Each structure stands twice: as structure tokens, then as C-alpha cells.
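Derivation of every value follows stated rules applied to the coordinates shown; laboratory data play no part. Predicted model, so just to flag it, every value in this text is computed and none were measured. Every residue, glycine among them, receives a Cβ derived from its backbone with ideal geometry; neighbour counts consider all protein chains shown.
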Amino acid sequence: MLKKEYLLSLKIEILSGLITKDFKMSNNKTITYEDQYIREILDKTKNIAMIGLSSSWQRPSYFVAKYLLDRGYKIFPINPKEAGKKILDQKVYSSVLEIKEKIDMVDIFRKPSDVDFLIDDILNVTPSCIWLQIGVINFKIHKLAKKNNINIIMDRCPKIEYCRLSGELGWAGINSGTFYNKRRMIKSLMK
């Protein structure tokens, strides 16, 4: 498969003038998953431990957690700096090991190098799925998850995949690449 490279030009205005930086970006769409694989994971998941969930409403992790809560998932925030407090009215834990309930999915909002330090704790709770957010790719945890019969998804967002597969993106006029003649729901919105 060919990898395309793009040149991103970033212009930053500072007090002393304008700085232009060029960055090479590669198209990381080499990791693919079947829609049915993602749909089954989202359908079977009930409890999600979100490692790196921020208490700041501007952060993507907060927005994703709020969205998934609204869709009927139970969220367990993992954030050592916020442990003992509440985020989105959910008790915050310092480690995934502190959670007493069965965890179906561990969703990771941390940089790829941090994932190596989380692997042992994640494998100890034996989730059905490990989900690495957009931009997070770690082949060490991928290999260990497969070895332990744990589903794994990397470089994807469960909120985006839920929207795409349920047809919600189409409500906003966005082409999700899937066609349905009826409104599809992965999980019931009714409680």
C-alpha cells in the first residue's frame, strides 16, 4: 500500500514577527478495520474505562465521554490528577485496577509512548477491547492484545465510529460512506 506524504505549513504569529514551520505529515490510513468488527465491539460494550479523560470540557476526551454517556455507555474516568473527584458526574479513578466492575473496553487518550506504561494494568482487568484514540498507534499493545484474545482498535475514535455506523453523521449531511434506507442504531438511546 502506498503512503502519501503531505507538507503542512504552519504559520505562527508571535510578538517578534511571523514564524513559518514546515512539517511532513504521512497519511496513516494503513490500519483498516471491517465495519462489522467495529459495530460488534460497540454493540457488546457496556462499561468503558477512559484513560486520560480530562475534566476540561474543551478537551476531546471530555466530549467523547459525554457523547458515549448520552448513548447509554457507562464511563469510568481514569485520571490520577483528578482521582476521587467527579467528571461528568462519574467517580474518577487513578488506575484501571481500582474499578470493581467488569470493564468491556479500555479507551486510551494518551500519547503512544505512555501506552507502554499502561499495558500491564490493562491486561490485568482483561477487557474485551482496547481502543486507542486517533493518532495513538502502539504495536506492542496490539501484539499483546491479540496474544490474549482481546479485540484492539488503533487510530480511531469510538464516538466517530458510532456516529458513522449508526447513521448519525448523515443527519448532519456528512457522507459517512455507509448507506441505509432506515435509521440504524447500534445501541438503544432509551434507558
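Divide, for segment 46-155, the radius of gyration over alpha carbons by 2.2 N^0.38 Å, where N is the residue count. Walk me through the intermediate numbers first.
Working: Rg = 12.8 Å, N = 110, 2.2 N^0.38 = 13.1 Å.
Compared with the compact-globule rule of thumb, segment 46-155 sits at 0.97.
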Can you give me the distance in nm between label points at LEU69 and SER56, each placed 7 Å from the Cα along the Cα-to-Cβ direction?
1.8 nm
Per 0.36 nm of contour for each residue apart, how much would the distance between ASN149 and GLU34 grow if the chain were fully extended, relative to their Cα-Cα spacing?
39.7 nm
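To the nearest 0.05, how large is the calculated FRET efficiency for LYS44 and ILE134 if R₀ is 25 Å and r is the Cβ-Cβ distance? Intermediate values should be presented prior to the final figure.
Working: r = 22 Å, r/R0 = 0.88.
Between LYS44 and ILE134 the formula returns 0.70.
Among GLU82, GLU168, which comes first, then next, by fewest other beta-carbon atoms within 10 Å?
Details: GLU82 16, GLU168 19.
Fewest-to-most Cβ neighbours within 10 Å comes out as GLU82, GLU168.
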Place a label point 7 angstrom from the Cα of VAL125 along the Cα-to-Cβ direction, then list the residues of segment 67-86 whose backbone nitrogen is under 17 Å away.
68-69, 73-86
Estimated distance in nm for a label pair at PHE117 and ALA83, the labels positioned 7 Å out from Cα along Cα-to-Cβ:
1.3 nm
